[in-house]
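Notes for the one structure printed next.
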């Protein structure tokens, strides 16, 4: 037996399983400034790496929110890795209130080098990004989805020494928080879950 549904007709389940199935996902903790220097920090669960060279990352916003508007206005953003120690602060920045999320969540900033948007100082990894595209996502019928996908080229990378082991990035040491499904599920990474494979030549 399988549970089949057409998303356009509803899933008939207590919670939409789509984002639980495509999971866990890295969190796009995106920092921007507006045209007047006002700061914004928001988490996006639809985020990932898109390309190796040049390095591209992207996040999808359900609605034209401050982050997308700021990206359009300035052409810049930073991505900040959410470690377990910052999970509660990250959650606090998901507010829709008209506030400076850095101040509201008690987050200390660090300056970027290549872009004007600030970084989360305590984040073990930050990417400085320049916007390459803001894509109005469409349905299969060509209509608007109400979401926008922002792509940025990574032009600067900040790595804490603690996440480098013999010069190799250690994912477990960074202790990233990953988004699962349902209204509350998050996951971490455990070293016991690691296994290694090499791709065939």
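Based on other C-beta atoms within 10 Å, arrange 72, 88, 101, 161 from fewest to most.
The fewest-first ordering by Cβ neighbours comes to 161, 88, 72, 101.
Counting neighbouring beta carbons within 10 Å and listing from fewest to most, the residues 71, 129 come out as 71, 129.
By the helix-only formula, in which each DSSP H run with n ≥ 4 contributes -39500 (n - 2.57) and the sum is divided by residues, the chain has a 222 nm mean residue ellipticity of -3000 deg cm²/dmol.
Inter-label distance, residue 103 to residue 178: 3.7 nm, where each label sits 7 Å from its Cα along the C-beta direction. Multiplying the residue separation of residue 94 and residue 133 by 0.36 nm and subtracting their alpha-carbon distance yields 11.7 nm. Residues 155, 165, 68, ranked from the fewest to the most other C-beta atoms within 10 Å, line up as 165, 155, 68. Across all C-alpha atoms in region 26-190, the radius of gyration and Dmax reach 15.4, 51 Å. Separation of region 1-63 and region 133-164, taken as the distance between their Cα centroids, equals 9 angstrom.
Using R0 = 45 Å, the C-beta based FRET efficiency linking residue 64 and residue 1 works out to 0.65.
Every number here is computed from the coordinates shown, using simple stated rules; none is lab data. Just so we're clear, the structure is a prediction, and the values are computed from it rather than from any experiment. So basically every Cβ, Gly included, is an ideal-geometry build from the backbone, and we count neighbours across all protein chains shown.
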